[in-house]
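Engineer: Have a look at this one.
Every read-out reported here was derived from the displayed coordinates using simple, explicitly stated rules and does not represent laboratory data. Bear in mind the structure is a predicted one, so any value in this text is a computation, not a measurement. Methodologically, a virtual Cβ is constructed for each residue, glycine included, from the backbone with ideal geometry; neighbour enumeration extends over all protein chains shown.
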Amino acid sequence: MPGHFEPLPGGGAAVALDDVEISIIRSLAVQLLELIGPGPAEDEKPADPLAELFAEGPSEPPADPVLRRLFPDAYGDPQQPPAGAEEAAEQRAHASEFRRYTENDLRAGKRENALAVIHSLNELSAAGAGGAVLKLSQEESRRWLGALNDLRLAIASRLEIGDEDDADDLYRLPDEDPRKPMVMAYLWLGGLQETLVSTLMP
């Protein structure tokens, strides 16, 4: 079990984490929360649930490259640029409209996933020092999977990992390179994510 998730009888997953690992994941999840930003205050939420459902969000992509990676445009293929100015303008308009009505919900979902990770790790830490076995229900496992994916995307953006070729170069960094700890975290989270996916497969 150390270093990877294993399935639990009846569903869910478990992983053994030491105090350092708990601290790293919690710290990364807190940073992710700060990056995503707080949700609307209770007094700012529409009283009508239907109005809240259709509340408008931002229409432009985020300025921060990590947030652009977490909340990419829904229209347009980077591998196939638009044929002309008219098609580019049309894609931007569609992306802007789609973002306006989806980004708030996407942010809320990512925020909830990160909070679920933090809460479960806080409970684990409260159980005693020296690390422990984290046990997750199926629903908690799905939230962890979403958060792990977001954390890896955020780190990949900071490391400017665009594809596997970029990643291969970073894996060979010397130990004295200041990016090395972030690369190791990226690889470790990838292993956790991969084994957690396998526990959720039927």
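Engineer: Rounded to whole Hz and in sequence order, give me ³J(HN,Hα) for the stretch 62-72 from the Karplus expression 6.51 cos²θ - 1.76 cosθ + 1.60, θ = phi - 60°, writing x for Gly and Pro.
Structural biologist: For the stretch 62-72, the Karplus-derived couplings read x, 6, 5, x, 5, 5, 5, 6, 6, 10, x Hz, x marking Gly and Pro.
Engineer: If you don't mind, there's one more thing I want to ask. Can you run phi through the Karplus equation (6.51, -1.76, 1.60; θ = phi - 60°) for the stretch 183-190 and list ³J(HN,Hα) in whole Hz, with x for Gly and Pro?
Structural biologist: 5, 5, 5, 4, 5, 5, 4, x
Engineer: Turning to a different aspect of this structure: Sorted by average packing, counted as other Cβ atoms within 10 angstrom per residue and highest first, what order do 3-10, 169-176, 138-145 take?
Structural biologist: Final packing ranking: 138-145, 3-10, 169-176.
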